[in-house]
Amino acid sequence: MKVLILCGVFEDAMEASVIRQAKRAVEFSANLMQKKIIRAFQTISDDVSVLSAPFLGAYPTASTTKRFSGFDGGNEGYTYVTFNNVWGIRNLSRTRSLKRALRPFLAQEGEKLILAYSPHTPFVKAAAYAKRLDPRVRTCLYVPDLPQYMNLSAKVSPIYKFAKFFDIRSMTKAMRFIDSFVLLTEEMKHCLPVGDKPYLVSEGLITEDALKEAKARLLSKEPTDGKEKTVVYTGKLDCRFGIPALLEAMRSIDEPECRLVLCGTGDAMHLALAAAKEDARIRVLGQVPPSEAATLQKNAAVLVNPRGSSEEYTKYSFPSKNLEYLLSGAAVVARRLPGMPEIYERFLFSVADDSPEALAEAIRAALGSSREEREQTYRAFLAYAEEHLLATQVANAILR
């Protein structure tokens with residue numbers, strides 16, 4: 001079967017360029033997820049095409065790029081479409097370019113599948129357009145986040161909210177041309193026009209290579225000297241993701257050797273910088289490339305995700321960060337959100353509630369855990385991941 005993936009991926013070689021033009025946090029986690037999906041399909045099929053309208057912020061508030069015309073160089077075989085990146089017209093431009101670019105795929109003979117990554121209007125409408133032109137083509141929508149919860153920043157304008165309402169309504173209408181869905185949580189199906197269409201629930205993806213590397217790390221007995229007291233957070237520094245609680249929790253941990261390293265940017269950045277001025281144990285690195293974030297995760301004693309569970313969106317959320325953390329082998333402190341399977345209580349140093357006190361208590365427990373305890377947890381997670389989270393398993397299920 002011929003496969004076309006509609007997405008917003010960009011190549012690793014373009015990370016520095018994307019960071020330079022960005023005025024807000026770059027969605028590196030989304031980029032990593034898309035690359036996993038692409039690699040999975042390339043592993044099981046020899047006829048996979050990637051059509052990308054990269055996830056750049058809109059000009060002028062989130063990006064310095066007015067018009068995207070592709071990247072110079074690159075060797076991963078992605079086809080990039082050109083589009084006007086000005087807020088208010090960018091989605092229309094992206095949709096038009098994607099529709100035009102997918103026509104050669106539709107002209108090919110044989111069975112065809114179009115996988116659209118995320119409920120992003122240009123991707124959904126392009127897939128719907130393809131289905132109208134050729135009803136025989138199969139369409140699938142991969143849903144990592146619901147559209148109404150994609151922007152959780154505290155600084156969202158009324159104009160954005162108004163435009164988003166009509167955008168979601170238009171996109172939902174186009175979803176009637178989607179044949180199947182991949183969801184991160186079971187609850188998502190109640191917010192999408194899934195109906196009686198086939199759907200798969202998969203909280204995340206792990207590649208075979210990453211799993212193999214993790215198993216090798218487990219067997220290597222890497223030394224832990226020098227990282228016993230290092231706590232790391234990588235991701236958006238947004239208030240709604242629990243950054244204020246994390247900073248307060250750190251202040252209450254009276255251990256001079258403990259260090260908190262924060263990577264990312266967001267609406268809580270000013271709070272993080274102020275805390276770093278008051279407490280030399282806190283380091284704020286800002287936006288860093290994924291390779292640097294991965295190194296920090298590998299060298300951490302504890303990885304923390306302070307996201308609370310009180311808000312509505314957490315029923316539909318499974319932070320991909322949690323899987324990255326667990327795969328690293330470090331102790332992971334996080335609250336099990338309502339959308340996360342119960343088994344994750346076995347893998348996490350679980351935070352009892354959304355308070356800074358509960359977060360501090362879980363961090364202390366993780367810092368005080370033995371190597372044997374961490375290794376036992378790591379083995380259990382890797383066994384679960386091999387059975388439920390391999391990207392090729394999900395790709396095969398989509399093709400069936």
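Quick note: the coordinates plus some simple rules give every number you see, no bench work behind them. Quantities reported herein were computed from a predicted structural model and do not represent experimental measurements. Here Cβ is always computed from backbone atoms with ideal geometry, including for glycine, and neighbour counts include all displayed protein chains.
Considering the convex hull of the alpha carbon atoms of the stretch 2-201, report its projected area averaged over all viewing directions, in nm², one decimal. Write out the running numbers ahead of the final one.
Values: hull surface 44.3 nm².
With the hull built on Cα positions only, its mean projection is 11.1 nm².
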For the stretch 199-207, in residue order, the Karplus 3J(HN,Hα) values (coefficients 6.51, -1.76, 1.60; θ = phi - 60°; whole Hz; Gly and Pro = x) are 8, 10, 9, 9, 6, x, 10, 10, 7
Would you list, by chain and number, the lysines whose Cα falls below 23 Å from the Cα of residue 212, excluding same-chain residues fewer than 8 positions away?
35, 36, 221, 298, 321
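Can you give me the relative contact order of the stretch 208-387 as a percent, contacts being Cα pairs under 8 Å and 6 or more apart?
Reported relative contact order: 24 percent.
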Computed helical MRE - 222 nm, the chain, DSSP H runs ≥ 4 contributing -39500 (n - 2.57), nearest 500:
-12500 deg cm²/dmol
Longest principal axis of the chain (C-alpha) makes with the long axis of helix 90-106 (C-alpha) an angle, in degrees to the nearest 10, of 60 degrees
Between 98, 260, 200, which gets the highest mean-square fluctuation from a Gaussian network model of the chain, Cα cutoff 10 Å?
200
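Below 8 Å between Cα atoms, with a sequence gap of 6+, how large is the relative contact order for the chain in percent?
Details: 711 pairs, mean separation 59.6, N = 400.
The value is 15 percent.
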With Cα atoms, 0 to 90° folded angle of helix 269-278 axis to the chain main axis:
20 degrees
Return one number: the angle in degrees, 0 to 90 and rounded to the nearest 10, between the long axis of the Cα atoms of helix 208-220 and the longest principal axis of the Cα atoms of the chain.
20 degrees
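Given contacts defined as C-alpha pairs under 8 Å and at least six residues apart, what's the relative contact order of the stretch 2-201, whole-number percent? Don't skip to the end; give the middle numbers.
On the way: 319 pairs, mean separation 36.4, N = 200.
Computed over the stretch 2-201, the figure is 18 percent.
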Taking every pair of alpha-carbon atoms in the stretch 176-325, what share in percent sits in each 10 Å bin, from 0 to the bin with the longest distance?
10, 32, 30, 21, 7, 1
Report, as a whole number in µm² per second, the diffusion coefficient that Stokes-Einstein gives for the stretch 1-101 at 10 °C and 1.306 mPa s using the Kirkwood radius over alpha carbon pairs.
113 µm²/s
Take the alpha carbon atoms of the stretch 9-56, find their center, do the same for the stretch 105-137, and report the distance between the two centers in whole angstrom.
19 Å
Per-residue ³J(HN,Hα) for the stretch 143-148, Karplus 6.51 cos²θ - 1.76 cosθ + 1.60, θ = phi - 60°, Hz, x for Gly and Pro
10, x, 8, 6, x, 6
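Rounded to the nearest 0.05, what FRET efficiency is calculated for residue 23 and residue 166 with R0 set to 22 Å and r the Cβ-Cβ distance?
Values: r = 25 Å, r/R0 = 1.12.
After rounding to 0.05, the efficiency reads 0.35.
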Simple spin-label estimate for residue 107/residue 86, 7 Å along Cα→Cβ, in nm, reads 3.2 nm
If the cut-off is a Cα-Cα distance under 20 Å, which lysines reach residue 197, setting aside same-chain residues fewer than 8 apart in sequence?
112, 125, 131, 173, 189
Quick one: if the Förster radius is 22 Å, what FRET efficiency do residue 283 and residue 355 give, using the C-beta to C-beta distance and rounding to 0.05?
0.35
